[in-house]
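Asks: I have a structure I would like to understand better, so I am pasting it below and will then ask my questions one at a time.
The values are calculated or read from the model by the stated rules, or taken from the named source; none is laboratory data. Keep in mind it's a predicted model, so treat the numbers as computed, not measured. Cβ placement follows ideal geometry from the backbone for every residue including glycine, while neighbour counts extend to all protein chains displayed.
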Amino acid sequence: MYQLVEEGLINPIIPAELIGDIEDFGQPFLGFVEKRIRTRKTQRHHSPVRTPIHVEKLGHIAQNLVELGVASPANYPWYEMDSWVANAFMSYLACVLGSLPEVNSVPITNEESCFQVLGAGGYKQYARLDSHRRVILEDLFPFPMGDIDIPSIIKFKQKHGAQLDRFRNKIEGLCVDLSVIAESDLREQRSQAITQELREEIDDISSRLRESWGEVVFLDILPILGASDSFVNVLQGDHTISSGLGSLSLPAAIVSYLGRRRDRNSLLNRPLAYGALLHRHFSKTTAQTKRDT
């Protein structure tokens, strides 16, 4: 958590300093709880499982929740709350605080139960897509072992943001295609085929990128001749000039380099290039970790 704060990914806030100034902060949430309690569905799923919530997050509604029978005081400063209420409250709190101008943030969660509360009618569609997304991504990209280098990941995503957008669009489109297949057996077969196709294309891009990174080397060139931008542009566009140059001349080397750079850029524009770059990044990170240990 400290590293996330240090890198500016998380800005800590103190709810008690903010909710006191929000008019009728708890009334909509109390209305939600009362309505849910009245439904048979909530009664049927009522569970003794409880979650601790800090009193500073609850404000003045703590006693109301106790009176409703869904919370009770624990060792101060904690209250224990029915888990379904606790999940709903933390989701509610995150949305309310995020909407304040001084916070201005989008709520996120790593708990599916909290997202389900917010997802309402769209949750089922999200769940279908997410199940396909998990299968594809977890098969293609095993989670890195050991400590996660947050700064390295941030730097990687900033550097390859264009490739990430194309990669995400590709994966999301495939997940949508899978979600419309009604028969589970056919859907599973198609999912396996998609994963295999993606893996093969990523391997192909990785192999060709390795070749292009390793080939662009200037060797055995004694006189280093200066070339203006206009000269380089001529070499790029005039194949008759480049074809007449000797293989050991500096201009020929420049032409060769520019051609390989164009090939590499073409590879990086493919939707699955991000996957190849990610494999390369984590393979280097893993190798470095092994050397350090």
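Asks: If you go through the range 148-155 one residue at a time, do you hit one that is in a loop (DSSP other than H, G, I, E, B) and modelled with pLDDT under 80? Steps first, please.
Replies: Filtering the range 148-155 for residues in a loop (DSSP other than H, G, I, E, B) gives 148-149.
Filter again for modelled with pLDDT under 80, leaving 148-149.
Yes: one or more hits.
Asks: Quick one: in the range 163-205, of everything that is hydroxyl-bearing (S, T, Y) and farther than 16 Å from A273 by Cα, which residue is surrounded by the most Cβ atoms within 10 Å (Cβ to Cβ)? Please lay out each step first, then the result.
Replies: Step one: of the range 163-205, the residues hydroxyl-bearing (S, T, Y) are 179, 184, 191, 195.
With farther than 16 Å from A273 by Cα added as a condition, the list becomes 179, 184, 191.
Details: S179: 14, S184: 8, S191: 20.
Result: S191.
Asks: Is it the case that the range 38-49 has a residue that's of a type in the set (A, V, I, L, M) and modelled with pLDDT of 90 or more?
Replies: No; the residues of the range 38-49 include none that is of a type in the set (A, V, I, L, M) and modelled with pLDDT of 90 or more.
Asks: Right, another one. Could you check, for the range 41-61, whether at least one of its residues is in contact with a Gly (Cβ under 8 Å, 6 or more places away or on another chain) and small (G, A, S)?
Replies: Yes: one or more hits.
Asks: Does I181 satisfy being part of a helix (DSSP H, G or I) and out of contact with any strand residue (DSSP E or B) (no Cβ under 7 Å at 6 or more places or on another chain)? Working first, answer last.
Replies: Numbers: part of a helix (DSSP H, G or I): no; out of contact with any strand residue (DSSP E or B) (no Cβ under 7 Å at 6 or more places or on another chain): yes.
No; evaluated as a whole, the condition is false for this residue.
Asks: Take the residues in the range 56-114 that are among the aromatic types (F, W, Y) and surrounded by 15 or more Cβ atoms within 10 Å (Cβ to Cβ), then tell me which one is nearest to R36 (Cα to Cα).
Replies: Let us first name the residues in the range 56-114 that are among the aromatic types (F, W, Y), namely 76, 78-79, 84, 89, 92.
If we keep only those that are surrounded by 15 or more Cβ atoms within 10 Å (Cβ to Cβ) as well, we get 79, 84, 89, 92.
Numbers: Y79: 20, W84: 10, F89: 13, Y92: 15 Å.
Within the range 56-114, the match that is nearest to R36 (Cα to Cα) is W84.
Asks: Quick test for you: out of P52, P107, pick the one residue that is under 31 Å from the mean Cα position of the chain (by Cα) and either aliphatic (A, V, I, L, M) or more than 18 Å from G26 (Cβ to Cβ) (or both). It would help to see each step written out before you state the result.
Replies: Details: P107 fails: either aliphatic (A, V, I, L, M) or more than 18 Å from G26 (Cβ to Cβ) (or both).
Exactly one of P52, P107 is under 31 Å from the mean Cα position of the chain (by Cα) and either aliphatic (A, V, I, L, M) or more than 18 Å from G26 (Cβ to Cβ) (or both), namely P52.
Asks: Right, another one. Could you tell me which numbered condition F89 fails, if it satisfies all but one of (1) among the aromatic types (F, W, Y); (2) part of a helix (DSSP H, G or I); (3) free of Cβ contacts under 8 Å to residues at least 60 places away in the same chain?
Replies: All conditions are met except number (3).
Asks: List the residue pairs whose Cβ atoms are under 9 Å apart, where the first residue sits in the range 187-203 and is under 14 Å from C175 (Cβ atoms), the second is among the acidic types (D, E), and the two are 6 or more positions apart or on different chains.
Replies: Taking only residues 6 or more apart or on different chains, the pairs are R190/D177; I194/D177; T195/D139; L198/D139.
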